[in-house]
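K.L.:
Okay, handing you the structure first.
The values are calculated or read from the model by the stated rules, or taken from the named source; none is laboratory data. Values in this document were obtained by computation on a predicted structure and should not be read as measured data. Cβ sites come from the backbone with ideal geometry, for glycine too, and all protein chains shown count toward neighbours. These area figures cover heavy atoms from the full protein model, side chains too; ligands, DNA and RNA do not enter into them. Shrake-Rupley method; radii C 1.70, N 1.55, O 1.52, S 1.80 Å.
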Amino acid sequence: MRGTYNGYASLQILPDLFFKTNLGLQTYNEKYEFYNPTSLSSGANPPGSPQALAAARATAQTIAQEDQLAEFTLNYNRDFARHNLNVLGGYSAQKTYSDLISVSARGFQNDRIPEITGKGAEASDFFMNSGTGKSTHTLLSYFGRAAYRFDDKYFLTATFRADGSSRFGPLNRWGYFPSVSAGWTISNEPFYQSTFGTNSSAKLRASWGLSGNNNIGNYSHEQVMASPGGVAFGSNTIATAIWSEGIKDQNLGWESTSQYNIGLDLGLFNNRLQVISNFYISRSYDLLFNQPISAVSGVSSMLTNLPDSKVENKGFDIQVDGSIVSTKDFTFSMGGNISVNRNKVLDMGGASTIFSRGAERSYLTHVTQEGYPIGMFYGFKVKGMVRESDLEKIAIDNANFDEATQSFPEGYVLQGPPRSMASSNPLKPGDLYFEDVNGDGVVNDEDKRVIGSPHPKFTYGLSVRMSYKNFDLNSAFNGVYGNQVLDGQDYYIFNMEGSGNQYAEVANRYQSEAQPGDGTIYRAARGGTQSNSTRLSTFYLQDGSFFRWTNLQIGYTLPKGIDYLGISNLRIYANIDNVLTLSDYKGYNPEVDYNNGSNLTPGVDYGKYPLVRAFSLGARVTF
């Protein structure tokens, strides 16, 4: 259950001076219970079996969250002649609190009491789940803004804020973020009106600002103790002990982003056509990152700010809205937008290249390095498929391969596909083989590289609005183009081990020279005979481009004449969400986010729940 509560009070101190207080509270409460019954089979074991009894579980979970905000501002606003001055100063305090309790039980002998109280008699049959705990974080802010306007033509605004976050160390808790912006309404100039008339508008904008990021979770700078564990003292003596968990940076502070923006707003044909365009370039500094450190310290990484690190984003976006037809009985309007963003790591701040694991399996999936965008896909590039005609050449290469040095003689010219060290078995017909990037005849980790991008070339949206007499129709569309998706499920749906469902296209796999399939899908292989085909490569990347019809709503507003019921307006409507998606992606949803917004591992799908197509009917009544 969610709740939102707001209140404010305003006091006029002088004719142009106002004091205002805003108080807000948001609450969220959730209760969750789950029971996995004994009557449900456990893998290959039937319901009611000892294995099914052991797998029976009950879970009870409660979540309570509060977000409290208090804001106090003093605002001075004065017009004099053709000038306007608006000055605001303020202070705000925010506190966010979370309390999660999650417990589970086991030891069920039957399903008569399908909740945690029906647990077994052993003390170990009742336990607390990970994530249980309380947390609080606070944010204290001081801010100010001064805006000046002259003759409704020229605009200048400057702001400054100081934010202190409890998420950072006591030595570096405060961040300071200025900004400045200017605008020029060109269409209010006499020269514009004498040239283009008064049926259009034009405004030029420019701005620069510094913003901060504190999205790192709570208590990242606090030294905490690990869970109790065993420690050896003397010979054959194990004692229970606790010790400090990790190394914390007391200088942990804000990650900052500096952004420049220039824009042009146009209104044409009596503002029936409006164009809003922006070009921006931003650079992020002092990136928050889990820096790898020597395991001799007892841990493998430490959350810190990377000094001198820089990541750049630049691009543009254009929004066009047009009222195409507007008559007494019929209106038709459309709007569209396109956004282009290019990301690039300029400086790692002394850190080495970052390799990340973004899927459930242990293999590396992404790389972040200087000169490239963040979180690019990393692996082998497929060059082809082994055929029987390659076997004789492979045998010649094998005869010249030095097992002791794991290399070919200097100057040796490879006869067949590169020898793969990524496979635990020799290449066979129907196996994929990879590109030998460094040309040494051997494919190993040195030949892994950037193999694809999860970042789209552009994103876009479209909206359509029309009405005819009392009927109306609204529709919205969006899409992306030019990105790739790593579908981790393909490791299983393409493995052809006979352990589960497969893609229908595996029928086109290589089976023999007489039945080579379509030449792109590798042979079937059991898990115990792993080949190149199951290594992360371009084979497992799919085109993530899509076009989605996100919403369709059709409505009818009853004509006037129902006032005697006390109703001044009544509109009924039918609505569909997630109407249609056009994509070559084989998974459920090409708009994937398996790692919940992680910058280092974007574009991964591992069976994320598909989008719901929802149908609804509604009415809006005005009395």
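K.L.:
Could we say that I247 is in contact with a helix residue (DSSP H, G or I) (Cβ under 8 Å, 6 or more places away or on another chain) and not small (G, A, S) here?
P.N.:
Yes; evaluated as a whole, the condition is true for this residue.
K.L.:
Is segment 304-327 home to any residue that is closer than 30 Å to R272 by Cβ and assigned to a loop (DSSP other than H, G, I, E, B)?
P.N.:
As a first pass, look at segment 304-327 and keep what is closer than 30 Å to R272 by Cβ: 315-327.
From what is left, the residues that are assigned to a loop (DSSP other than H, G, I, E, B) are 327.
Yes: segment 304-327 contains one or more residues that are closer than 30 Å to R272 by Cβ and assigned to a loop (DSSP other than H, G, I, E, B).
K.L.:
Please verify whether N271 is modelled with pLDDT under 90 and assigned to a strand (DSSP E or B), treating the condition exactly as stated.
P.N.:
Values: modelled with pLDDT under 90: yes; assigned to a strand (DSSP E or B): no.
For N271, the condition - modelled with pLDDT under 90 and assigned to a strand (DSSP E or B) - is not met.
K.L.:
Next question. When R342 is evaluated against the numbered criteria (1) assigned to a strand (DSSP E or B); (2) farther than 30 Å from A476 by Cα; (3) not β-branched (V, I, T), which criterion, by number, is the only one it fails?
P.N.:
Answer for R342: the failing condition is (2).
K.L.:
Residues in segment 49-98 that are surrounded by fewer than 16 Cβ atoms within 10 Å (Cβ to Cβ) and either over 30 Å from D163 (Cα atoms) or in contact with a Cys (Cβ under 7 Å, 6 or more places away or on another chain) (or both): how many?
P.N.:
Residues meeting the conditions: 10.
Residue by residue, here is whether (1) open to solvent by 40 Å² or more (accessible area, probe 1.4 Å); (2) in contact (Cβ under 8 Å) with a residue 40 or more places away in the chain holds:
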site	(1), (2)
G118	no, yes
K134	yes, no
S141	no, yes
Y154	yes, no
A162	no, no
T185	no, no
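K.L.:
When only residues in segment 506-516 that are without any contact (Cβ under 8 Å) to a residue 40 or more places away in the chain and surrounded by 14 or more Cβ atoms within 10 Å (Cβ to Cβ) count, which is nearest to Y363 (Cα to Cα)?
P.N.:
V506
K.L.:
Another question, then. Could you please find all residues in segment 216-244 being modelled with pLDDT of 80 or more and among the polar types (S, T, N, Q)?
P.N.:
N218, S220, Q223, T240
K.L.:
Which of the residues that make up segment 406-424 are open to solvent by less than 50 Å² (accessible area, probe 1.4 Å) and of a type outside the set (A, V, I, L, M)?
P.N.:
Passing the criteria: S407, F408, G416, P417, P418, S420, S423.
K.L.:
Additional query: Could you identify the single residue in E435, E392 that is more than 25 Å from V592 (Cα to Cα) and open to solvent by 60 Å² or more (accessible area, probe 1.4 Å)? Write out each step before concluding.
P.N.:
On the way: E435 fails: open to solvent by 60 Å² or more (accessible area, probe 1.4 Å).
Unique residue meeting the criteria: E392.
K.L.:
Also, I was wondering about something else. So N84 ticks every box in (1) in contact with a Lys or Arg (Cβ under 8 Å, 6 or more places away or on another chain); (2) within 30 Å of S124 (Cβ to Cβ) but one. Which box is left unticked?
P.N.:
N84 satisfies every listed condition except (2).
K.L.:
Restricting the search to segment 565-623, which residues are touching a residue at least 12 places away in the same chain (Cβ under 8 Å), of a type in the set (G, A, S) and within 20 Å of E360 (Cβ to Cβ)?
P.N.:
G587, S598, G603, G607
K.L.:
How many residues does segment 395-405 hold that are open to solvent by less than 80 Å² (accessible area, probe 1.4 Å) and aliphatic (A, V, I, L, M)?
P.N.:
Here the count works out to 2.
K.L.:
Which number in (1) loosely packed, with under 15 Cβ neighbours inside 10 Å; (2) out of contact with any strand residue (DSSP E or B) (no Cβ under 6 Å at 6 or more places or on another chain) marks the one condition that I324 misses?
P.N.:
(2)
K.L.:
Could you please find all residues in segment 436-473 being under 31 Å from the mean Cα position of the chain (by Cα) and outside any strand (DSSP E or B)?
P.N.:
Narrowing segment 436-473 to residues under 31 Å from the mean Cα position of the chain (by Cα): 445-465.
Selection gives D445, E446, D447, K448, S453, P454, H455, P456, K457.
K.L.:
Tell me, yes or no, whether segment 279-289 has at least one residue that is touching an Asp or Glu at 6+ places or on another chain (Cβ under 7 Å), on the phi > 0 side of the Ramachandran plot and open to solvent by 40 Å² or more (accessible area, probe 1.4 Å).
P.N.:
Yes - at least one qualifying residue is present in segment 279-289.
K.L.:
For G253, work out the one condition from (1) outside any strand (DSSP E or B); (2) open to solvent by less than 60 Å² (accessible area, probe 1.4 Å); (3) within 30 Å of G336 (Cα to Cα) it doesn't fulfil.
P.N.:
Just one mismatch for G253, condition (3).
K.L.:
What's the number of the condition L536 fails, among (1) surrounded by fewer than 14 Cβ atoms within 10 Å (Cβ to Cβ); (2) farther than 29 Å from L473 by Cβ?
P.N.:
(1)
K.L.:
Which of (1) within 25 Å of the chain's Cα centre (by Cα); (2) open to solvent by less than 50 Å² (accessible area, probe 1.4 Å) is the odd one out, the single condition T557 does not satisfy?
P.N.:
Here T557 meets the rest and fails (1).
K.L.:
Would you check if N261 is of a type outside the set (D, E) and surrounded by fewer than 15 Cβ atoms within 10 Å (Cβ to Cβ)?
P.N.:
no
K.L.:
Exactly one condition in (1) at pLDDT 95 or above; (2) out of contact with any Phe, Trp or Tyr (no Cβ under 8 Å at 6 or more places or on another chain) is not met by I247; state its number.
P.N.:
Here I247 clears every test but (1).
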